[in-house]
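The values are calculated or read from the model by the stated rules, or taken from the named source; none is laboratory data. Not measured: the values here are computed from a predicted model. Cβ atoms come from the backbone with ideal geometry, glycine included; neighbour counts cover every protein chain shown. The protein model used for the area step is the full one, side chains on, heavy atoms only, and it has no ligands, DNA or RNA in it. Shrake-Rupley method; radii C 1.70, N 1.55, O 1.52, S 1.80 Å.
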Amino acid sequence: MVSKTVAPCIFSSQDSLALAVACRDIDVRNVKALIIGPHETPYEFGFFEFDFKFNKDYPRKSPTVTCTTTNSGRTRFNPNIYANGKVCLTWRGEPGEEWSAAQGLESILLSIQSLMSTNPYENEPGFEDANESSDKKNQKDYVQKIRHETLRISVIQRLEEYLGMDAGGSINPMVPSDYDLDMDTLDEDSTPFLPFKDLCKRRFLWYYESYLAAVQKGKEETKDGQSFTRMPFEGASNSMEGKFNYPELERRLRNIKNALDAETDRWAAEGMEAKAKETTVAVNLYRQFEQVVESFKRADLPHNIELVDSNPFIWAVTYFGKPMTNLDGGLFRFRLHFSPRFPEEQPRVRFETRLFHHRISPDGTPCYVSAISKREDVKSHIEAVIDALEEENPPYDPRTLVNPEAFKLYWGGVDERRNYNRRLRRSVQQSME
């Protein structure tokens with residue numbers, strides 16, 4: 001049975017910052033996967049989705065892999081990722097390495113992710129060592145148009161669809177949620193399967209500044225209205241066609257950011273309605289609030305937690321900086337906003353106190369990861385936020401790049417780190433003013 005073989009390969013979006021997979025319980029042979037584009041490539045922080053179909057002969061035979069981020073079959077994102085969704089890997093019949101039953105889902109995703117390189121032009125067979133002046137120009141042109149379409153298609157179009165927005169920024173009326181809906185009685189076949197919707201929204205908030213930086217870079221390198229250059233290996237129905245329009249992309253990115261902020265604000269009113277109805281989520285959040293407050297008291301932690309306007313869907317946390325660290329003496333306040341659909345929609349956290357930190361975006365969104373096994377445990381979210389702040393020797397990880405300026409200083413040379421520490425300490429001092 002394929003279910004016994006595939007199921008252990010499913011790993012959580014919370015455990016990996018760049019890979020996510022999901023499948024319906026009723027159909028584990030069909031798996032959806034998301035790859036977040038690698039840093040310092042034209043695919044940076046884009047959302048690329050793939051469908052995996054595991055036949056009854058798996059793992060003796062390889063699964064079928066199809067890319068679904070193709071602009072409805074009109075855009076080829078890579079020499080090895082076609083507009084029709086085909087993904088060219090060596091074990092799919094092409095010359096080279098053969099499929100091995102030892103390969104799992106994660107190894108396949110990592111192979112695909114490796115195609116999203118800094119110079120994808122050389123992925124095309126026969127172009128690996130292309131070094132003519134025309135090739136160098138093509139390499140630059142190819143990177144430029146991939147960067148543009150990564151923003152437009154994989155990020156902007158996806159988020160607009162999730163938010164019910166059109167390209168002009170107008171939002172279609174949303175169907176009111178039924179907070180008392182029994183999730184166990186839902187018919188999976190009749191409901192849309194969008195497993196990465198909440199993840200992409202939260203990652204957009206992480207990477208928003210990086211998207212704007214990519215837009216600025218694109219403005220400097222291309223002309224508005226300039227047509228994309230067709231590559232030698234691109235065909236009429238298997239290419240990436242279009243024109244550069246970064247001002248339009250910037251406008252749409254800002255509209256998405258505003259819509260996400262407005263959506264978060266709406267959760268407060270929806271939460272009060274859920275509280276009045278005594279929904280399961282409302283009761284659960286209030287119970288957890290009482291437990292967390294008691295837990296902090298028992299542990300003699302100085303941090304304070306309270307509900308905003310007695311609303312169990314908005315928690316305010318006052319965090320006292322850890323002694324003997326750069327945070328010592330600081331007093332920071334952040335809020336956790338909960339959706340009436342928690343935990344399907346994870347909390348959105350924002351610092352109200354300005355803090356210059358490489359794990360906090362300029363708008364106050366912290367970059368933290370809570371274990372998937374504890375996604376319903378609010379205390380684990382609070383602890384994860386604090387851990388991200390206090391981590392003294394974090395490993396270099398560009399997937400946590402939520403504050404480009406602070407990140408660059410933190411991971412720069414000695415002088416840059418010294419400058420980072422000064423600015424962090426200044427913001428800590430200002431937190432008490």
Q. Ignoring any ligand, DNA or RNA, what whole percent of the accessible area of the chain comes from carbon and sulfur when the probe is 1.4 angstrom?
A. 48 percent
Q.
At 7 Å along Cα-to-Cβ for each site, give me the label-to-label distance between ASN84 and ASP328 in nm.
A. 6.6 nm
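Once R0 is set to 41 Å, what does the formula 1/(1 + (r/R0)^6) return for the Cβ-Cβ distance between GLN226 and LEU110, expressed as a FRET efficiency to the nearest 0.05? Provide the component values of the computation, followed by the final result.
Working: r = 35 Å, r/R0 = 0.84.
Efficiency at R0 = 41 Å is approximately 0.75.
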Q: Kindly report the accessible area of the chain per residue (heavy atoms of protein chains, probe 1.4 Å, no ligands, DNA or RNA), in Å².
A: 48 Å²
Q: For region 278-431, calculate the relative contact order in percent as a whole number, restricting contacts to Cα pairs under 8 Å that are 6 or more residues apart.
A: 19 percent
(Q) Let me spell out the model: positive unit charges on the Cβ of Lys and Arg, negative unit charges on the Cβ of Asp and Glu, origin at the Cα centre of region 278-431. What dipole size does that give, in debye rounded to 20? (A) 480 debye
Q. Using r as the Cβ-Cβ distance of ARG417 and SER133, and R0 as 56 Å, what FRET efficiency do you calculate, to the nearest 0.05?
A. 0.90
Q | Most to least packed among 282-293, 205-216, 46-57 [average Cβ atoms within 10 Å] | A | 205-216, 46-57, 282-293
Q.
Explain nothing, just compute: Karplus ³J(HN,Hα) = 6.51 cos²θ - 1.76 cosθ + 1.60, θ = phi - 60°, for every residue of region 53-63 in order, whole Hz, x for Gly and Pro.
A. 10, 9, 7, 5, 8, 5, x, 5, 10, 6, x
Q) Between LYS56 and ARG425, what is the label-to-label distance in nm when each label sits 7 Å out along the Cα-to-Cβ direction? A) 7.0 nm
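Given 0.36 nm per residue, what is the gain on full extension from ASN284 to SER310 after removing their alpha carbon distance, in nm?
On the way: separation 26, 0.36 × 26 = 9.36 nm, distance 1.44 nm.
Taking ASN284 through SER310 to full extension adds about 7.9 nm, to one decimal.
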Q: Specify the angular offset, from 0 to 90 degrees and rounded to the nearest 10, of the alpha carbon long axis of helix 133-149 from the longest principal axis of the alpha carbons in the chain.
A: 40 degrees
Q. What are the residues whose amide H is under 5 Å from the amide H of THR353, where those residues sit 5 or more places off or on another chain and H is modelled from the backbone?
A. ARG333
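Of LYS32/LYS201; LYS322/LYS379; LYS197/LYS243; LYS137/LYS201, which sit over 26 Å apart, Cα to Cα? Write down the numbers at each step before the final one.
Working: LYS32/LYS201 17 Å; LYS322/LYS379 18 Å; LYS197/LYS243 28 Å; LYS137/LYS201 35 Å.
Table pairs above 26 Å Cα-Cα are LYS197/LYS243; LYS137/LYS201.
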Q: Using only protein heavy atoms and a 1.4 Å probe, report how much of SER107 is accessible, in Å² to the nearest 10.
A: 40 Å²
Q: Per residue of region 397-403, in order, report the coupling 6.51 cos²θ - 1.76 cosθ + 1.60 (Karplus, θ = phi - 60°) as ³J(HN,Hα) in whole Hz, putting x for Gly and Pro.
A: 8, x, 6, 9, 6, 10, 10
Q) Each residue of region 253-260 in turn: what ³J(HN,Hα) in whole Hz from Karplus with 6.51, -1.76, 1.60 and θ = phi - 60°, glycine and Pro shown as x? A) 4, 5, 5, 5, 4, 5, 5, 5
(Q) Just to verify a number: FRET efficiency for LYS297 and GLU376, C-beta to C-beta distance, R0 = 25 Å, to 0.05? (A) 0.65
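Starting from the Cα gyration tensor of region 337-393, take the square roots of the eigenvalues, sort them a ≥ b ≥ c, and report rounded, prolate or oblate (rounded when a/c is under 1.5, otherwise prolate if a/b is larger than b/c, else oblate).
Oblate shape, in that a/c is at least 1.5 and b/c is the bigger or equal ratio.
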**Q.** Angle between the chain longest axis and helix 197-221 axis [Cα atoms, degrees, rounded to 10]
**A.** 60 degrees
Q) Quick one: net charge of ASP129's neighbours, Cβ under 10 Å, K/R +1, D/E -1? A) -3
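Students often check this: by mean Cβ neighbours within 10 Å, which of 219-229, 390-400, 316-326 ranks highest, and how do the rest follow?
Going from most to least packed, we get 316-326, 219-229, 390-400.
So what is the 222 nm mean residue ellipticity for the chain from helices alone, if each DSSP H run of at least 4 adds -39500 (n - 2.57) and you divide by all residues, rounding to the nearest 500 deg cm²/dmol? All intermediate terms of the calculation are to be shown ahead of the outcome.
Numbers: 10 runs with 152 residues, N = 433.
It comes out at -11500 deg cm²/dmol, rounded to the nearest 500.
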